[in-house]
1. Treating only the Cβ atoms of Lys and Arg (+1) and Asp and Glu (-1) as charged, compute the dipole magnitude of the chain about its Cα centre; round to the nearest 20 debye.
2. Rank 127, 13, 80 by how far each Cα sits towards the positive end of the charge dipole of the chain (+1 on Lys, Arg Cβ; -1 on Asp, Glu Cβ) and give me just the farthest.
3. Normalising by the residue count of the chain, find the relative contact order in percent from Cα pairs under 8 Å and 6+ residues apart.
4. Treating cross-link reach as a plain straight distance, find the aspartates and glutamates whose alpha-carbon is under 12 Å from the alpha-carbon of residue 81, omitting any fewer than eight places away in the same chain.
5. Once the piece of chain linking residue 55 and residue 88 is laid out straight, how much longer is it, given 0.36 nm per residue of separation minus the C-alpha distance between them?
6. Need one number for the stretch 3-131: average projected area of the convex hull over its C-alpha atoms, nm².
7. Restricting to DSSP H runs of at least four residues, report the calculated mean residue ellipticity at 222 nm for the chain, -39500 (n - 2.57) per run over all residues, nearest 500 deg cm²/dmol.
8. Can you give me the Cα centroid spacing of the stretch 12-56 and the stretch 83-126 in angstrom?
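Each value in this text was obtained by applying a stated rule to the coordinates, not by laboratory testing. Keep in mind it's a predicted model, so treat the numbers as computed, not measured. As a convention, Cβ positions derive from the backbone with ideal geometry for all residues, glycine included, and neighbour counts pool all protein chains shown.
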Amino acid sequence: MDILEIIRNRHSYRGKYKSDKVPREDLISILKAGLEAPSGCNMQTTSLIAVDDRAVLERLHSVIEPPVGETAPAIICVLTKRIFAYRDRCFAVQDYSAAIENMLLAITALGYESCWYEGHITDEDKIGDKMA
Ligand SMILES: Cc1cc2nc3c(=O)[nH]c(=O)nc-3n(C[C@H](O)[C@H](O)[C@H](O)COP(=O)(O)O)c2cc1C
């Protein structure tokens, strides 16, 4: 697929996933694509944690209510740091958004499905804090 086709083919997937493990080399390629995204003033405020261990996935899913993506064989947790780029300017949200979009496109290019879950875990119930 060329890049424009990959962009066209990327969609949020909320169906059931196959249980096959994602090969580590694919997970690493996806993480690298995320970290190769630009960041404001190159402050690199985004960190990524890929999880493919069943026991850890189950612990994470145990705090996600209502459940989402619970059949996915891997998830990537996106962490951010509110570092000032200059004066009071912080580009952390733009930085992690660029990283996530790069990863979603890499995921599509490698033939997988994905969904960006942010609203669901950062609402008042603070699921993201429990996951952390
Ligand atoms: C910042 C952000 C937060 C999102 N949070 C959620 C979410 O919590 N749950 C969900 O099902 N989809 C979430 N999505 C996916 C959007 O719903 C989805 O991208 C949008 O409906 C367009 O559909 P598409 O991705 O198939 O093009 C989020 C997307 C973004 C960019």
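1. Numbers: 16 positive and 20 negative charges, 37 e Å.
Dipole magnitude for the chain comes out near 180 debye.
2. Of 127, 13, 80, it is 80.
3. Numbers: 165 pairs, mean separation 46.8, N = 132.
So the answer I get is 35 percent.
4. Candidates past the 8-residue exclusion: 95.
5. Numbers: separation 33, 0.36 × 33 = 11.88 nm, distance 4.07 nm.
Contour length minus the Cα-Cα distance gives 7.8 nm.
6. Numbers: hull surface 33.8 nm².
Its average projected convex-hull area is 8.4 nm².
7. Values: 5 runs with 50 residues, N = 132.
Calculated at 222 nm, the ellipticity per residue is -11000 deg cm²/dmol.
8. 11 Å
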